Amino acid sequence: MTTFDLRHEGRTGIEMGLGVGPQKMLGWPYTDFATGWYVIGYSHEIKAGEVKPAKWFGEDLVVFRTESGVLSVLNAYCPHMGAHLGRPGQFGGGVCGETLKCPWHGWLWSTEGHNVDIPYRPGQPVKAQVGRKHVSEVDGVIMMWYDHAGGAPTYEWPGFPYIGDKSDYYPIDTTVDGPHLAKPQFPFENSADPHHFKHVHGSGLDAEFNDYDVDGPVAKNTMTLVFGAGKDESWLTPDGPIEGYVDNFFWGASLGIARFRIGELVCIHLPTLTPVDDDQCIFFSTVTGTREPGDTGDVPRGRSGKFMKAQHWQIRNDFHIWQHMSYKVKPIYTGTEEQTRYAFIRRHFDQFYPNPVYKRG
Ligand code: FES
Ligand SMILES: [Fe+2]
């Protein structure tokens, strides 16, 4: 096929109508994002004295870290005349001590978004305030609170659910990509879906699930599955198949963890989607695992290193399904067990949206 449009990305003529205009998640019932914590980056990406522009939840933002190390996320536009605070120029703007300086007329803004100084009217700041976001940094992950009603955080994320000593784990390994047409709760609906592992992830057997356990904004459950099923040996299971566990922890509809336990090996995976706008999300995959016996280095090695790497790509097999699907609020269930599990986890996520669609009780 000859084409003069270099943006066809290898599609044939039949497929050329795809990807025209904004993509939507068909069937999605919610009118706003779910309230909760969302990953927006990593601590090492922003050093003391640095400022970066960002866009999350359809809003232009600025992320900066003061000279003393305080992290702040503010609305991007200066209340004075509207300059973007995250675009320092050759002569001005950027972090200035514990404040952020506007690149246009040099007004200073605190980490809370208050005006603290106007250089040509000393000692008389204005009452104007830049919109400020709640941020948190735990275990090297930066999170921002989104609240559809504009409220403050109602819980804190406790960090990775380490088993034993944190120093026995490798430093976090991270990958980021997107935008993806997917919703933040999709990775966590995996925990209610034993029958997709074989088809989407190539695993040998279906998983078995325990019941969910709920504590306020947190839902937990455990899946049991046989690693290396049907094989005499594999890199993960050199001594033959072994029964292992995946503990799932979900905070709100957007922050979830799968903790794998396979004998002595523990691997903790935080796969999260953060909305850029109504339809597209960026995918953050953060993983850590127990150090190989005797290894004191920071480069993941052996089975643990391999398993950590595998988490980054395993979850990506799901994206293929998500980006082309039409979301069913009422799927066809094959039995009460499946229905109960799905209904439970979806009702849990449902409470964080402004227009719940599932009945309580
Ligand atoms: S626009 Fe920011 S100081 Fe004037
Ligand atoms: Fe999956």
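Here are a few things to note about the model shown:
- Fraction of the pair-distance distribution of the stretch 163-350 above 20 Å, Cα-Cα pairs, percent: 57 percent
- Folded to 0 to 90 degrees: helix 302-314 orientation relative to the chain principal axis, Cα: 70 degrees
- Alpha carbon centroid spacing (whole Å) that separates the stretch 218-251 from the stretch 312-361: 23 Å
- Among Glu50, Glu67, Glu233, the residue with the largest mean-square fluctuation in a Gaussian network model of the chain, with springs joining Cα atoms closer than 10 Å, is Glu233.
- Comparing Leu236, Leu181, Leu61 in a Gaussian network model of the chain, where Cα atoms under 10 Å apart are tied by springs, the biggest mean-square fluctuation is seen for Leu236.
- For the pair Gln90 and Asp165, a Förster radius of 51 Å applied to the C-beta separation gives a FRET efficiency near 0.55, rounded to the nearest 0.05.
- Estimated FRET transfer efficiency when R0 is 22 angstrom, pair Glu137-Val116 (beta carbons, to 0.05): 0.45
- With all pairs of separate Cα atoms included, the chain yields a Kirkwood hydrodynamic radius of 22.8 Å.
- Once the Cβ-Cβ distance of Asp60 and Asn355 is raised to the sixth power relative to R0 = 45 Å, the FRET efficiency obtained is 0.95.
- For the chain, the longest principal axis of the alpha carbon atoms and the long axis of helix 336-350 meet at an angle near 10°.
- Pairs from the list Lys166/Lys198; Lys198/Lys328; Lys55/Lys101; Lys24/Lys309; Lys133/Lys328; Lys231/Lys306 with a Cα-Cα gap above 23 Å: Lys166/Lys198; Lys24/Lys309; Lys133/Lys328.
- Fewest neighbouring Cβ atoms within 10 Å first, the residues Arg341, Arg261 line up as Arg261, Arg341.
- Using the Cβ of Pro187 as centre and a radius below 12 Å, the other residues enclosed give a net charge of -1, where K and R count +1 and D and E count -1.
- Extent along the principal axes, Cα only, for the stretch 37-154: 40, 31, 23 Å, with the longest axis given first.
- Under a Gaussian network description of the chain, with springs only between Cα atoms under 10 Å, the residue in Phe349, Phe57, Phe188 that fluctuates furthest is Phe57.
- For Ser68, Ser234, order by how many other beta-carbon atoms lie within 10 Å, fewest first: Ser68, Ser234
Where a number appears in this text, it was derived from the coordinates with a stated rule and is not lab data. Because the structure is predicted, anything quoted here is derived from the model rather than measured. Positions of Cβ are generated from backbone atoms using ideal geometry, with glycine treated the same way; all protein chains shown enter the neighbour counts.
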